[in-house]
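Bear in mind these aren't lab numbers, they're just calculated from the coordinates by the rules spelled out. Predicted, not measured: the structure shown is a model, and the values here were computed from it. When we count neighbours, we look across all protein chains shown, and the Cβ atoms used for this are built from the backbone with ideal geometry, even at glycine.
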Amino acid sequence: MRLSDLTPLTLESLSSIACSFRRGRSRIVTYADILVVSFRGKYRPGSAGTPDARFMLAMAEAGIAAFDPLALILDLRDLEYEWGDDLDLLFGAGSSRDSTFPVATVVGTSCAEAVRTLCLGVSSSESLETINGLFRDIDSAWSYLDATLAANQAQDRA
């Protein structure tokens, strides 16, 4: 097989969703970086969104591999998401890293209800706030990760 016979691929060809990375330090645990992976754009509904979910997971995992954080925030505040089961693939970001690798997800008004029903079921009347690790603002997610990192550190020392 010649290289010229192969179809070129790019991750960006999977989705029109944009991704950006930011890093900050834990306010509690020394030398603990927290990576924020932000997604912006429109997630295609239903199974049409499968490439979007795969792109988002690939980008989150690439950020984890490249920046080596101790915790992760998935920032979906600028994501338009109506429905599609494959978005839950994204919630597995970092799972191969370590069983104690903490992840928080932040949702905005254009995806909060759909994420709530994805996590709890369409017929659920439970609020978004009952979902562990899911938040409406970055500061709450950051505080959650700070506390989780501190607890992990204390457990490691014990």
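Local charge for Leu89 was computed over the other residues whose Cβ lies under 12 Å away, with Lys and Arg +1 and Asp and Glu -1, and equals -4.
Taking other C-beta atoms within 10 angstrom as a stand-in for reagent exposure, Leu3, Leu74 fall in the order Leu3, Leu74, fewest first.
How about region 2-86: which trypsin sites (Lys or Arg not before Pro) there are in a DSSP loop, with at most 12 other Cβ atoms within 10 Å of their Cβ? Here the sparse-neighbourhood loop sites are Arg2. Count charges around Cys111 for me, please; just the other residues with Cβ under 15 Å from its Cβ, Lys/Arg as +1, Asp/Glu as -1. Neighbour charge sum, excluding Cys111 itself: -4. Extending 7 Å from Cα along the Cβ direction at Ala65 and again at Asn132 yields two label points whose distance is 2.8 nm. Count Lys and Arg as plus one, Asp and Glu as minus one, and take only other residues whose Cβ is under 14 Å from that of Ser124; the net charge is then -2.
Give me the percent of DSSP beta bridges within the chain that run antiparallel, rounded to the nearest 5. DSSP beta bridges in the chain are roughly 35 percent antiparallel. Around the amide H of Gly84, modelled in the peptide plane, lie the amide H atoms of Gly46, all under 5 Å away and 5 or more residues distant in sequence or on another chain. Averaging the Cα positions of each part gives two centres, and for region 75-142 and region 7-70 these lie 14 Å apart. Entry note, the chain: the mean residue ellipticity at 222 nm calculated from DSSP H runs of n ≥ 4, each adding -39500 (n - 2.57), is -10000 deg cm²/dmol after division by the residues and rounding to the nearest 500. Within region 92-109, which residues have the backbone N less than 15 Å from the label spot 7 Å out from Ile28 along Cα→beta-carbon, could you tell me? What the label zone holds, given the 15 Å backbone N cut-off, is 101-104. Note on region 16-157: Cα convex hull, mean projected area over all directions, 8.1 nm². Its relative contact order, with pairs defined as Cα atoms under 8 Å and 6+ residues apart, puts the chain at 21 percent.
Once the C-beta distance of Ser96 and Ser125 is scaled by a Förster radius of 30 Å, the resulting FRET efficiency is 0.30 to the nearest 0.05.
What the Cα atoms of region 35-91 give is an Rg and a Dmax of 11.3, 33 Å. Projecting label points 7 angstrom from Cα along Cα→Cβ for Ala48 and Leu3 puts them 3.7 nm apart.
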